[in-house]
Amino acid sequence: MLTRREMFRTAGAAVAVVAVPQLFATARAQEKKAEGFTLPKLPYAYDALEPHIDAKTMEIHHSKHHQAYVDNLNKALAGTPWLGKPIEAILTDLKSIPEATRGAVRNNGGGHWNHSFFWNIMGKPGTAPKGDLLKAIDTSFGGLDGLKKDLKAAALGRFGSGWAWLTVGKDKPLAIVTSPNQDNALMDGGHAPLLGIDVWEHAYYLKYQNKRADYVDAWFNVVNWDVVAGNFGAVKKS
Ligand code: MN3
């Protein structure tokens, strides 16, 4: 019997362009039953990331913000065949969504995917990149400090609300990209997110106020590098 944490770890290990749907295996079973998208349970307690990310921020971010994306996505797709499809299938084919609801689906569907992914690549402090992932980081950034420096610069350079991502393609090196709003690398295709940091103010304002740089520094402590390595391995194997 796997604990929930192990289940998430196992599922997380298979995240990639082709394997992304497995990230949501648990949530998806619930979604089928509910005939709509549902808020996935966190793989840890709200206070697990303290003191770096405070419990109150986690609770509001998960139970209010992410829930709202789920509710609004269900509302936008109510009565349509897209409601029964995997979220990745929707996000990689937004042009097939009727224009009247496309914006709502992009924003709220992106919000649902991004946050589900985000919860999964965080965890208690104490992991570090190793093996093939560390080698790739060394090659592309000259080491973990170089990666952190570039990702932080990207996160600070994203004006307004959005995300900064570490991505990789099957035959492409690691790359850092940012996206506005709730967009993500899946929407463009060709790259798989390995990790992503939410730089919307709702992700940090209670504890860090306007100091996004302090939030980014603190956030690096709670990256679950084992899950990130699993994501990397899955892309390279795909
Ligand atoms: Mn958020």
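Each residue in the range 111-145 was checked for being of a type outside the set (A, V, I, L, M) and either touching an Asp or Glu at 6+ places or on another chain (Cβ under 8 Å) or part of a loop (DSSP other than H, G, I, E, B) (or both), and 14 pass. Scanning the range 182-199 for residues that are open to solvent by less than 10 Å² (accessible area, probe 1.4 Å) and part of a loop (DSSP other than H, G, I, E, B), we see that the one that is farthest from the ligand (Cβ to nearest atom) is 184.
Within the range 200-216, the presence of at least one residue that is without any contact (Cβ under 8 Å) to a residue 24 or more places away in the chain, touching an Asp or Glu at 6+ places or on another chain (Cβ under 6 Å), away from the ligand (no atom under 13 Å from the Cβ) and part of a helix (DSSP H, G or I) is confirmed.
Would you be able to say whether some residue in the range 107-126 is among the β-branched types (Val, Ile, Thr) and open to solvent by 40 Å² or more (accessible area, probe 1.4 Å)? Scanning the range 107-126 turns up no residue that is among the β-branched types (Val, Ile, Thr) and open to solvent by 40 Å² or more (accessible area, probe 1.4 Å).
Please work out if residue 60 is within 18 Å of the chain's Cα centre (by Cα) and within 15 Å of the ligand (Cβ to nearest atom). So residue 60 passes the test. Checking the range 136-143 against the condition returns no match, with no residue being surrounded by 14 or more Cβ atoms within 10 Å (Cβ to Cβ) and within 16 Å of the ligand (Cβ to nearest atom). Could you tell me whether the range 146-168 includes any residue that is within 15 Å of the ligand (Cβ to nearest atom) and over 25 Å from residue 106 (Cβ atoms)? Scanning the range 146-168, I find no residue that is within 15 Å of the ligand (Cβ to nearest atom) and over 25 Å from residue 106 (Cβ atoms), so the answer is no.
Filtering the range 167-177 to residues that are buried (at least 20 other Cβ atoms within 10 Å of the Cβ) and in contact with a Phe, Trp or Tyr (Cβ under 9 Å, 6 or more places away or on another chain) leaves only 168.
The values are calculated or read from the model by the stated rules, or taken from the named source; none is laboratory data. Please read these numbers as outputs of a predicted model, since none were measured by experiment. Because the Cβ atoms are built from the backbone with ideal geometry, glycine has one as well, and the counts that use them run over all protein chains shown. Protein only, heavy atoms only, side chains kept; ligands, DNA and RNA dropped before computing areas. Shrake-Rupley method; radii C 1.70, N 1.55, O 1.52, S 1.80 Å.
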